Amino acid sequence: MERRTRRTFTIDPDVSEKIDKMVGGHNLEVNVLVNRAIRRYIEWGRYVDSFKLVTSDPRLMKMLWSHVTVGEAREMGTKNGKDTVVEFILYYFRKFDLDSVLKTFEVIGAEYANAYVYSEFGDKDSRTIILRHSMGLSASAYYGASFKALCDRLGVKCELEESEDQMTCKISSASTLKTVAPKTLKEQLTKQS
């Protein structure tokens with residue numbers, strides 16, 4: 001059974017009223033709602049301002065991706081995977097390894113940004129990651145190039161398959177990987193460049 005910690009907070013009256021309206025006065029649901037809200041802030045919200053992250057309507061993203069060529073999308077994904085995503089992973093996880101890369105795609109991209117549905121199967125030696133979306137081939141090219149750039153930095157070989165509605169990445173020999181993590185964030189960023 002999962003252990004819980006009891007905390008007492010004071011919140012603004014208007015927030016309290018909104019919580020009560022959402023849960024219909026059920027105390028257990030209040031706990032679930034507040035826990036989710038705090039978790040979402042800790043795992044996502046506090047990074048939004050630092051990294052200028054946004055959550056977008058998938059219909060808008062589909063329209064935007066339809067105006068980007070596959071080549072342009074791949075170029076953007078490669079640049080993003082080499083720079084911005086690495087910086088984010090180091091800031092968020094304090095290390096840069098395959099698990100933190102996969103967690104970024106799973107938690108940040110799928111759970112919080114709702115950009116796609118993340119699926120993973122296999123074991124430590126052979127993993128397959130699938131990002132399902134409905135935004136077209138350019139979006140798949142972007143995600144694939146970003147993922148490949150991150151894997152390249154780790155020295156991980158991956159096979160990509162891109163289609164109109166998903167990107168699939170197959171990683172072999174994942175258990176032999178090492179974490180790339182010098183002592184400080186600055187050293188890590190310098191080493192990764």
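The values are calculated or read from the model by the stated rules, or taken from the named source; none is laboratory data. It should be emphasised that the depicted structure is a prediction, and the values quoted were computed from it without experimental measurement. Cβ: placed from backbone, ideal geometry, glycine included. Neighbour counts: every protein chain shown. Heavy atoms of the whole protein, side chains included, go into the accessibility calculation; ligands, DNA and RNA do not. Shrake-Rupley method; radii C 1.70, N 1.55, O 1.52, S 1.80 Å.
Just to verify a result, which residue in segment 143-170, among those that are in contact with a strand residue (DSSP E or B) (Cβ under 8 Å, 6 or more places away or on another chain) and free of Cβ contacts under 8 Å to residues at least 24 places away in the same chain, is surrounded by the most Cβ atoms within 10 Å (Cβ to Cβ)?
The residue in question is C158.
Open to solvent by less than 90 Å² (accessible area, probe 1.4 Å) and either closer than 16 Å to S146 by Cβ or in contact with a helix residue (DSSP H, G or I) (Cβ under 6 Å, 6 or more places away or on another chain) (or both): is that true of V32 in this structure?
Here the answer is no, as V32 does not meet what is asked.
To keep it simple, each residue is scored yes or no on (1) part of a loop (DSSP other than H, G, I, E, B); (2) touching a helix residue (DSSP H, G or I) at 6+ places or on another chain (Cβ under 7 Å); (3) closer than 28 Å to I42 by Cα; (4) among the charged types (D, E, K, R).
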{"position": "T104", "(1), (2), (3), (4)": "no, yes, yes, no"}
{"position": "Y118", "(1), (2), (3), (4)": "no, yes, yes, no"}
{"position": "S138", "(1), (2), (3), (4)": "no, yes, no, no"}
{"position": "D152", "(1), (2), (3), (4)": "no, no, no, yes"}
{"position": "E159", "(1), (2), (3), (4)": "no, no, no, yes"}
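Please indicate, with yes or no, whether at least one residue in segment 82-93 is under 17 Å from I171 (Cβ atoms) and either within 14 Å of the chain's Cα centre (by Cα) or of a type in the set (D, E, K, R) (or both).
Yes - at least one qualifying residue is present in segment 82-93.
Yes/no per residue for (1) exposed (fewer than 15 other Cβ atoms within 10 Å of the Cβ); (2) of a type in the set (S, T, N, Q); (3) at pLDDT below 85:
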position: V54; (1), (2), (3): yes, no, yes
position: G71; (1), (2), (3): yes, no, no
position: M76; (1), (2), (3): no, no, no
position: I89; (1), (2), (3): no, no, no
position: F93; (1), (2), (3): no, no, no
position: A110; (1), (2), (3): no, no, no
position: A141; (1), (2), (3): no, no, no
